[in-house]
Amino acid sequence: MKNRSMRPLSVIARTACDMYAWFMVAFGAYVIVHGDITPGGGFQGGAICATFLALMLVTQGSAYVSAWLNENFYKVCLFLGLFMFIGFGLMGLGWAMDGTLMLNWAAVAHDQLAEVKPWWPPSGTVALMDIAVGIEVTGGLSLILVTMFRAIRLGTVQEDGMGKETGHDQR
Amino acid sequence: MISANLPYFVVVVLFLIGLLGVLLETNMIKIGIAIDVMESAANMFLIVLGFREGGYIPVKFLMPAGTENFVLPTPQALTLTAIVIALATSALMLSLIVVLYRHYGTLDVREIRRLRG
Amino acid sequence: MKSVRTLFVIAAIVMGGALMGAVSSLHPFGVPSPEGCAVDEHYLNRAGVDLSCENVVTSIVFDYRGFDTIGESTVLFAALLSVMMLFRKGGRKQ
Amino acid sequence: MKLMNHLPALTLALPLLAAFATPLIAAVSAKARNRWVTCVSALVTLVVFALLHRVLVHGTQIYVMGAPSWNISLPSGFAIPVRIILEVDAFNALAACAAALAQLAGTIYGLKFVKKFTGLEFYSALFLLLTAGTMGMILTGDLFNFFVFLEISSVASFGLIAFWRDRPESVEASYKYMLVSQLAAQLVLIGLAFIYGRYGVLNMAAFSRAVQPDLISKVVLVFILVALGMKCGAFPMHMWMPDSYAEAPASVTVMLVATSQASLVVLCRFCFSLYGTAIGSAAVPWALIVMGCLSMFGGVSMAVVQHEVKRLMGYHSVSQVGYMLTAFGVGLLALGDAAAMNDYGLAAVSGGLYHMINYILYKGLLFLCAGALYYVAGSRDLDKMGGLARRMPVTSVLFLIAAAAISGLPPFNGFVSKWMIYESVYAVHPILMVVALVSSVLTLASFVKVYQTAFLGPERSQFAAVREVPKSMIAGMAVLAAAILVLSLFPSWTVNTLVRPAAEALVDKASYGAAVMGGAL
């Protein structure tokens, strides 16, 4: 079998990207958190965060990343984001079913801003769902990257246990 | 007339390029690219529809002093949704192409023809 | 095969002609009709007042059309599941 | 009962939430996963039937996503809806019921059918997502929301068709379906961008109020018709249909049938409720009729030469879709002419609609029976089967019921709907009825051949060890068979209480708009 793994780049590129990738994550988090006041939002920020893994794969090579990476972290991100998102939506229904699905139950009207606590997100579920979607997209895109990347490294049909799931045919 | 509506015609041309690519290309990757071009045409069409002369991005407190109106926000929201959908389907299409290549050893759609008759 | 390709080209040209005609009768670029942006004006006027949300696009994505966004993250989830299913490990169980 | 107000939203939220949770529950154990998906799909069926009951009793239901109250469709002092609205009338609800039965049958059947393969956590979750996408396509009242749900159901079905990913044909069928449905989705997106640019609305009811018979509306209609015609498998672009129906696991094929019918539901919605008389020419109805006749005859003539059971049934699906397209085309022809509408138009629409419901039920049952044959015989080839009736009596009886229903034999529901279609299309042109009758006869001949080859005839030695399929697979088939029998035993009740209100709701453009936009025009 040919060596299908990606080779790492030179040490300069690796060191630079090591530092740069973390700034990327920080920038993505910034975009996610400030989604309701500045341009950007959950999807854009999540996509920026997911480039972290793409950068790592390109610069560090596959062997390093697959040894170091814990996929479960991204799975937790994915499901946490999804459940937060649909959970905020369902919370709009309220206990007595007075609202509707996706009701913005936490929003504060602009003229009442002075009455709420400073930590309360004034745009309500817009800000909360922004964060939820940001987490979900980070996890989802990274997992797609990792899965497709692993698939490239898989061999031909017979290797790696593939080649057996062809339905109920008895040949 | 033509020059004022130029963005619309660019969208039409882009859409036709994508459509002809899907219909005429034989390489699977190129067909995928053609579908992405069509998606870009649709997204660009939405954005172009939402442009207003002298408008600013629809974020209130970043608005400079001289401007008075915003571009339309709905097409931007729709485009955002459509882009993520396009991304998801592109990823799935590439995965299908990987599996097909593994089975058939070719990227040519004319040779992937077991389902006939 | 050749005739099929010609047919495709003709169909695409017909479709392009229809599209050209349709876009010519749209509103001129940059000047949407006032009734055409009534809904957008509503968003622009109300988002900052009702929701205290400065970014109108985000307020549409997550509030006014929030159900679309659930669908959108579901598409991402579905694509992820499909990709993982295509490249799943292991063959048939015993 | 405040819960009852939220039924439209619950129909969509339940399968979505359940699909998100399925991979987590599957990590616990396989048994927990099976119980979970069965409970959820039973619950979804229950909710949809409650919705149908509510719609039939209280009239059209709307549900406004994110408004302070579920029925405030317009913000104060504003004439256009700004939020996503689900609009459920009798037509929607009836189609959703058929889809719900299909997903219940598919879920129960699939428990055993795919048991010996890996990746079942993905399979279960994607199946629920396919359910959610189909329900969303049927129930939504918003154009862009329809596009989103179209994509959900498409993406989920790409994955599910390629479930047996080591079989090259499956992946190929999935890729083919993906090309067709991506093309269709982009056409839909361009079409609704035109609607947005011209009228500034994305709500279906608001659009039906605003629509004018001008060039843009016609181009949009052509785009939508082409796109949804592709998705429901009408003749010129039917190639994906036999492929993907044959290559998907049988439990998924049932749901794919319902999904393609959801496209047809929205196609009817566009033609009748949204455009109505604003179509402005007879070209669109006649295009539908011609497309329908070509599908009817072309599909069945390609089906009779097939040797693979599910592939044969896939070509029959093309033919059956032709019946509905013809009927809806005839109904569209009569639109705007009160005398013609009373004379044959409403009968045609009812016939097409009833046929759509019947089609989902009996076609699903046929695919499940074909899957059962494949499960026990280990082969898709009809020539290698024979004498299975004695080995699997229940399956053979169920197959007989479905085959009689699809061929339009008198006591069964297929007969009633086909009869309504024959009568109404005769009023337009006798040749249409001749085409429909010939296709029906050929369908009967084809299924007699299948039954005779697979179930009758001499017993083959290699099938000596064959047993009846497991109980859960029988239960899945029995769901659909029971529905067919109920519809067959009470034909007049069905037509009068279910189908006729649905057809009237479909052709009544004014009341569709009024449910959201208020009574004043």
Scattering profile of region A:40-125 from the Debye formula, Cα beads only, expressed as log10 I(q)/I(0) at q = 0.12, 0.13, 0.14, 0.16 Å⁻¹, is -0.60, -0.66, -0.72, -0.83
Just the Cα atoms of chain D, one point each, no solvent: what log10 I(q)/I(0) does Debye give at q = 0.08 Å⁻¹? -0.45
How charged is the neighbourhood of D:Val28? Take every other residue with its Cβ under 12 Å from the Cβ of D:Val28, and add Lys/Arg as +1 and Asp/Glu as -1. +2
Direction-averaged shadow area of the convex hull around the Cα atoms of region D:385-521, nm²? 12.1 nm²
For region D:326-447, report the % of Cα-Cα distances exceeding 18 Å. 58 percent
Compute the relative contact order of chain D as a whole-number percentage, counting only Cα pairs closer than 8 Å that sit 6 or more residues apart in sequence. 17 percent
Roughly what angle does helix A:11-33 make with the longest principal axis of chain A, taking Cα atoms, 0 to 90 degrees, to the nearest 10? 30 degrees
Please compute the Cα-Cα pair-distance distribution of the protein assembly as shown with 20 Å bins starting at 0, giving whole percents from short to long. 15, 49, 31, 4, 0
If you fit an axis through the alpha-carbon atoms of helix D:471-489 and take the longest principal axis of the Cα set of chain D, what angle between them do you get, 0 to 90°, nearest 10? 50 degrees
Which whole-Hz ³J(HN,Hα) couplings does region D:203-208 yield from phi under the Karplus relation 6.51 cos²θ - 1.76 cosθ + 1.60, θ = phi - 60°, glycine and proline marked x? 7, 5, 5, 5, 5, 5
Give me the percent relative contact order of region A:11-154, please, defined on Cα pairs under 8 angstrom at least 6 residues apart. 31 percent
Once the Cα atoms of helix A:71-91 and of chain A are each reduced to a long axis, what angle between those two axes, in degrees from 0 to 90 to the nearest 10, is obtained? 30 degrees
Only helices at least 24 Å long along their own axis, judged from Cα atoms, and with Kyte-Doolittle mean hydropathy of -0.5 or greater: name those in chain C from DSSP H. C:2-24, C:66-86
Which whole-number percent is the relative contact order of region B:6-111 (Cα, under 8 Å, 6+ apart)? 28 percent
Return the whole-Å distance between the Cα centroid of region D:35-87 and the Cα centroid of region B:69-117. 32 Å
Quarter of the Cα convex hull surface for region D:231-312, i.e. its orientation-mean projected area (nm²): 5.7 nm²
Going from the alpha-carbon gyration tensor of region D:395-438, what semi-axes, largest first and in whole Å, does one get by taking the root of 5 times each eigenvalue? 25, 9, 5
Tally Lys/Arg at +1 and Asp/Glu at -1 over every other residue whose Cβ is under 13 Å from the Cβ of B:Ser95; what's the total? +4
What is the percent of Cα-Cα separations in chain B that go past 24 Å? 45 percent
Give me the base-10 log of I(q)/I(0) for region A:11-154 at each q in 0.12, 0.16 Å⁻¹, Debye formula, one uniform scatterer per Cα, rounded to two decimals. -0.59, -0.88
Once the mean 1/r over all distinct Cα pairs of region D:282-489 is inverted, what Kirkwood radius in angstroms do you read off? 17.5 Å
Find the Rg to Rh ratio for chain C, where Rh is the Kirkwood radius over alpha-carbon pairs and Rg uses the same atoms. 1.23
Can you list the DSSP H helices in chain B whose Cα atoms extend at least 30 Å along the helix axis and whose mean Kyte-Doolittle hydropathy is 0.0 or higher? B:28-49, B:73-104
Cα centroids of region D:164-210 and region C:15-45: how far apart, whole angstrom? 21 Å
Please list 3J(HN,Hα) in residue order for region D:441-448, calculated via the Karplus relation 6.51 cos²θ - 1.76 cosθ + 1.60 where θ = phi - 60°; whole Hz, with x for glycine and proline. 5, 5, 4, 4, 4, 5, 6, 4
Where GluC sites (Glu not before Pro) fall in DSSP loop in region B:1-61, at most 12 other Cβ within 10 Å: B:Glu53
Principal axis lengths of region D:54-111 from Cα atoms, whole Å, largest first? 51, 24, 16
From phi via Karplus (6.51, -1.76, 1.60), per-residue ³J(HN,Hα) for region D:276-292 in Hz, x at Gly/Pro: x, 6, 6, 4, x, 8, 8, 5, 5, x, 5, 4, 4, 5, 5, 4, x
Please go through the residue pairs D:Lys115/D:Lys363; D:Lys116/D:Lys384; D:Lys176/D:Lys418; D:Lys418/D:Lys471 and name each one whose alpha carbons sit more than 30 Å apart in this structure. D:Lys176/D:Lys418; D:Lys418/D:Lys471
At the level of C-alpha centres, the distance separating region D:311-349 and region D:416-451, in angstrom, is 12 Å
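Read-outs: derived from the displayed coordinates by stated rules, not from any lab. Note that the coordinates shown come from a computational prediction; the quantities given were computed from them, not determined experimentally. As a convention, Cβ positions derive from the backbone with ideal geometry for all residues, glycine included, and neighbour counts pool all protein chains shown.
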